[in-house]
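The values are calculated or read from the model by the stated rules, or taken from the named source; none is laboratory data. Everything numeric in this text was worked out from a predicted model, so none of it was measured. Glycine also receives a Cβ, built like all others from the backbone with ideal geometry; neighbour counts cover every protein chain displayed. Protein only, heavy atoms only, side chains kept; ligands, DNA and RNA dropped before computing areas. Shrake-Rupley method; radii C 1.70, N 1.55, O 1.52, S 1.80 Å.
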Amino acid sequence: MSTLALFGGAPVRSALFPAHLTMGAEERAAVDAVMASGVLSQFIGAHHDNFLGGPRVRAFEALWAEMCAAKHAIAVNSCTSGLYAAVGAAGVDPGDEVIVSPYTMAASATAAVAFAAVPVFADIDPATYCITADTIAERLTDRTRAIVVPHIFGQPADMDPIMALAEQHGLIVIEDAAQAPMARYKGRPVGALGHIGVFSFNYHKHIHTGEGGVVTTNDDDLAARIQLIRNHAEAAVGARRPEDLVNMIGQNYRMGEIEAAIGLEQAKKLEELLARRKRNVLRLEARLSVLPGFTPAPSAGDHVYYVHPIDYERAETGVSRSLVLAALRAELPAAELREKEGPLIGAGYVRPLYLLPMYQKLKAFGSGGFPFVGGDRMAPPDYAPGLCPAAEDAHENRLIHHEIMYPGLSDADMDDVADAFEKVAEHMGALRDAEQRAPAA
Ligand SMILES: *Cc1c(COP(=O)(O)O)cnc(C)c1O
């Protein structure tokens, strides 16, 4: 049994993993065609046919809507922009509450703050890392107006009970599907399960356009409001929809023709790219699931593995998560183009969002606590440590996640990852001894 690399032995692998690349000749040709046309964006921020953008933006929207079985898709320049437009279109008022997961990218919650609404954090289900109808129900008040549901890591949230709860209370449900394009819930793609869905095409996502995003909805009225917020609403609203001016403060969230041209080609490749991720994860899980202490997220659902979460149980190994992670990282190399990040495996994801300084210090707009206090709101919502114990436990103690299953990786690459986990599992005794000599912080 060779020595752990952490203790000076040879690592399982030192040659870099191949880069994660999704761009090909099709994207290059599509960009060339836009360049040759000379029209890099066709949007006009006033009531005009070009209010809805150029031909590639519209073609990309049509394809995405079809893929998600949604009536409308509205391309934007990021998922963050899309989330802002979604919360605005939902008609939140200053001081309204928007229920959201604390275990997600910050923008899922900031979108509420951007419209002077207040995020209220519901805990996650430790098995799926998603919020549930039960955890949401605990946070309902008479100020609740909307719910932002992230399909985190690529795992669809349990949407049917969430939609039933929302219907009962008249709430708008926004799916943050940034990490879950074409993930399916009971056979239906995410994005059109709630009232609004939002996707990301930033460089790190399954497919990308550099920066970019798209918003989906089956509701004509919400679609029109999102189109307005995308493109200088206050200047265009008169002709398009004079009767409702709530939150019609326009932004510039427009997607350019180059990004849309790339997005069209990327979208055509998505199912194949997802299939390779799933195959890689299944190959790894077959060997991981028998190792004490490591429980991969259940693959029975239609997870699309933006990252692959593994639940670590210290009671089964007697070794802290931080030491196990250090041992795993020592056995594995980084990926080409991302050498500076080291091996693409880590512990925890983001600190539960309510622990961010904005919430702890109640500073967003100016210095007076607005929107967390102000108007007729005398006290801020609860942002105290301990608010969402399952999210904090996942973050502090249990979650190990990795990205070493992206489409360009071969069976041999996946076997190296499995070898690293097996080697560390075989050496738990040595790790326990080391920890007893020098207890981990
Ligand atoms: C990436 C991501 C976003 C933001 O996407 P951008 O396109 O970078 O703005 C929002 N929510 C989640 C869950 C994400 O993973």
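Peptide packing for 70-79, 135-144 was compared via the average number of neighbouring C-beta atoms within 10 Å per residue; ordered from the highest value, the list is 70-79, 135-144. Among GLY429, GLY213, GLY54, the largest mean-square fluctuation in a Gaussian network model of the chain, built with springs joining Cα atoms closer than 10 Å, belongs to GLY429. Think of the chain as having a plus end and a minus end, set by charges on the Cβ of Lys, Arg, Asp and Glu; of CYS130, ALA75, GLN251, GLN251 sits farthest toward the positive end of this dipole. Under a straight-distance cross-link criterion of Cα-Cα below 14 Å, which aspartates and glutamates are reachable from LYS361, leaving out those fewer than 8 residues away in the same chain? Within reach: ASP382. Under a model in which nothing but the beta-carbon of Lys, Arg (+1) and Asp, Glu (-1) is charged, the chain shows a dipole of about 580 debye around its Cα centre.
Within the shell of other residues whose beta carbon sits under 10 angstrom from the beta carbon of GLU265, the net charge comes to +1, with Lys and Arg scored +1 and Asp and Glu -1. Shown for segment 378-425: the carbon plus sulfur share of the solvent-accessible area, taken with all protein chains present and a 1.4 angstrom probe, equals 52%.
In sequence order, segment 5-21 has phi-based couplings of 4, 4, 9, x, x, 6, x, 4, 8, 10, 5, 3, 6, x, 5, 8, 10 Hz under the Karplus curve 6.51 cos²θ - 1.76 cosθ + 1.60, θ = phi - 60°, and Gly or Pro positions carry x. Partners of LYS268 within straight-line reach, counting lysines whose Cα lies under 29 Å from its Cα and excluding those fewer than 8 residues away in the same chain: LYS71, LYS186, LYS205, LYS278. Close amide H pairs (under 5 Å, H built 1.01 Å from N) link VAL120 with VAL98, ILE99, VAL100, residues at least 5 positions away or on another chain. A dipole drawn for segment 297-441 from +1 and -1 charges on Cβ atoms has a positive end, and of ALA420, LEU337, ALA390 the residue lying farthest that way is ALA390. Over the chain, accessible surface divided per residue gives 39 Å², non-protein components excluded, 1.4 Å probe. Taking the 1.4 Å solvent-accessible surface of segment 209-313 as the whole, the part contributed by carbon and sulfur is 53%. Rounded to the nearest 20, the Cβ-based charge dipole of segment 140-195 about its Cα centre (Lys and Arg +1, Asp and Glu -1) stands at 100 debye. Simple point charges give the picture: +1 on the Cβ of Lys and Arg, -1 on the Cβ of Asp and Glu, and for segment 13-105 a dipole about the Cα centre of about 340 debye. What whole number of Å gives the distance from the Cα centroid of segment 250-308 to the Cα centroid of segment 337-375? Segment 337-375 and segment 250-308 have Cα centres separated by 25 Å.
Think of segment 127-264 as having a plus end and a minus end, set by charges on the Cβ of Lys, Arg, Asp and Glu; of ALA236, THR217, ALA183, ALA183 sits farthest toward the positive end of this dipole. Think of it as helices only: each DSSP H run of n ≥ 4 in the chain is worth -39500 (n - 2.57), and spread over all residues that comes to -11000 deg cm²/dmol at 222 nm.
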